[in-house]
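The values are calculated or read from the model by the stated rules, or taken from the named source; none is laboratory data. Note that this is a predicted model, so its numbers are computed, not measured. Counting neighbours? That spans all protein chains shown, and the Cβs are built from the backbone with ideal geometry, glycine included.
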Amino acid sequence: MRNLIAITVLAFFAFSCGEEGIGFNVGKEFPVTIPIDAGDFPSTPFGGNPPAFTQSETYDLNDVNEFSDDLENLEEVLVNKVSYSISGVDSNEEIEVEELSIELSANGTDIGTLQITNRLPNNVLTDLPKGEISSLNKSELARVLKDGGTVNAEVTFDFAELPEGNFEFDFEFYFDVVVKIRDL
């Protein structure tokens, strides 16, 4: 009886796949780190307000080892969320931020923009835990990634003034993506 059940299950499995093959999902939250170094900021005259500073990184599915081997059989991309965090800020520094914004784009198309200055206590730069970018066009992001496109993640910092000496911290994006693969 046990053999009959096993054969029935195997036959069902083999014939149910048909020409479509077997599909599987691979999910991964992939961080993209943008290291920020005060040495990269444009210089300002003494006592002047420094100009805004923009730093960017790119992201595509080929960057993720868990995805790269199966992209030729890619069927669908789902974007669960995109988050960000700030870490490594020296708590002894009191660096006032006039503006801190994030912009995601691909091929000249805006996917999402978020002003996050209001998450900073008293507009002072500090470590921030993960926060989701809710004003994001997830379907457009998924389409760009599925089509093999590259997403540009750009962060703009506008500091009221820069402290003496050097300071560094990390700004991280987290792309939580599921790819559906059809293995033919």
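Quick notes
- Scanning region 137-184 for residues that are of a type in the set (D, E) and closer than 21 Å to I116 by Cα turns up E154, D158, E161, E168, D170, E172, D176.
- Some residue of region 152-166 being among the aromatic types (F, W, Y), in contact with a helix residue (DSSP H, G or I) (Cβ under 9 Å, 6 or more places away or on another chain), closer than 22 Å to Y84 by Cβ and modelled with pLDDT of 85 or more: no
- Checking each residue in region 25-67 for being among the polar types (S, T, N, Q), at pLDDT below 80 and within 20 Å of I111 (Cα to Cα) picks out only N62.
- When the residues of region 73-132 are filtered to those that are among the hydroxyl-bearing types (S, T, Y) and out of contact with any strand residue (DSSP E or B) (no Cβ under 7 Å at 6 or more places or on another chain), the one that is farthest from P31 (Cα to Cα) is S91.
- Filter result for A142 (part of a helix (DSSP H, G or I), under 19 Å from V64 (Cβ atoms) and either touching a residue at least 60 places away in the same chain (Cβ under 8 Å) or within 14 Å of the chain's Cα centre (by Cα) (or both)): yes
- Answer residue from region 81-114, given it is surrounded by fewer than 16 Cβ atoms within 10 Å (Cβ to Cβ), part of a strand (DSSP E or B) and modelled with pLDDT under 90 and is farthest from the chain's Cα centre (by Cα) among those: E96
- In region 143-184, the residues that are closer than 14 Å to I111 by Cβ and buried (at least 19 other Cβ atoms within 10 Å of the Cβ): V144, L145, V151, A153, F173, F175, V177
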